[in-house]
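Following: one structure in structure tokens, then a few remarks.
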Amino acid sequence: MRKYSKLIRKGIFEPLPNVQFHGKAPLKRFLLLDSKLAPNSNMRVAAHIITKLPKRIPKYCQLHYHKFDEINLILSEKGKLKYRVCLEDEEYTVSSPATVYIPKGMRHSQEVISGHGIFVVILMAKKYKALI
């Protein structure tokens, strides 16, 4: 085994309904980093791959908060991916490419509206825990 090979990990498929306060959504979710994949990691990283959306997209994310900061990256070429982002009582339509910073304690939800691309979630904590 090479010296640093343990720092490179294969992402694992993780259905969104397995995540607290999230339901079935038209996307594929991959857990890319957490304390199980990399024991010394202080964060969790997941990617949502959006390729083909139905005409009617169900609501799938409840308003919730964390006791840690969160960063969302909305990535696609030419603004082709759009998300509805709720921060407390304000709603935004965010087009790619964009970053959303969510400080700890802020109630939030994010749901895809249209397009295709990648939505990256970076959680500044070893373990995921959400509260309502």
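The values are calculated or read from the model by the stated rules, or taken from the named source; none is laboratory data. Note that the coordinates shown come from a computational prediction; the quantities given were computed from them, not determined experimentally. Quick reminder, even Gly has a Cβ in these numbers, built from the backbone with ideal geometry, and neighbours come from all protein chains shown.
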Practice task
Just one of (1) in contact with a Lys or Arg (Cβ under 9 Å, 6 or more places away or on another chain); (2) modelled with pLDDT under 95 trips up Leu87, so point out which.
Solution key: (2)
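Test of understanding: among Lys24, Lys82, which residue is touching a Pro at 6+ places or on another chain (Cβ under 6 Å), among the charged types (D, E, K, R) and farther than 19 Å from Ile122 by Cβ?
Details: Lys82 fails: touching a Pro at 6+ places or on another chain (Cβ under 6 Å).
Matching residue, one of Lys24, Lys82: Lys24.
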Practice task
Any residue in the stretch 33-47 that's at pLDDT below 90: show its pairings with residues that are surrounded by 15 or more Cβ atoms within 10 Å (Cβ to Cβ) and small (Gly, Ala, Ser) at Cβ separation under 7 Å, as long as the two are six or more apart or on different chains.
Solution key: Ser35/Ser41
Problem - Residue that is farthest from the chain's Cα centre (by Cα) [pool: residues in the stretch 18-42 that are over 21 Å from Lys67 (Cα atoms) and either basic (Lys, Arg) or assigned to a helix (DSSP H, G or I) (or both)] - result: Lys24
Handout entry: Failed item, numbered, when Ile71 is tested on (1) touching a Phe, Trp or Tyr at 6+ places or on another chain (Cβ under 9 Å); (2) under 20 Å from Met124 (Cβ atoms); (3) buried (at least 17 other Cβ atoms within 10 Å of the Cβ); (4) of a type outside the set (S, T, N, Q)
Key = (3)
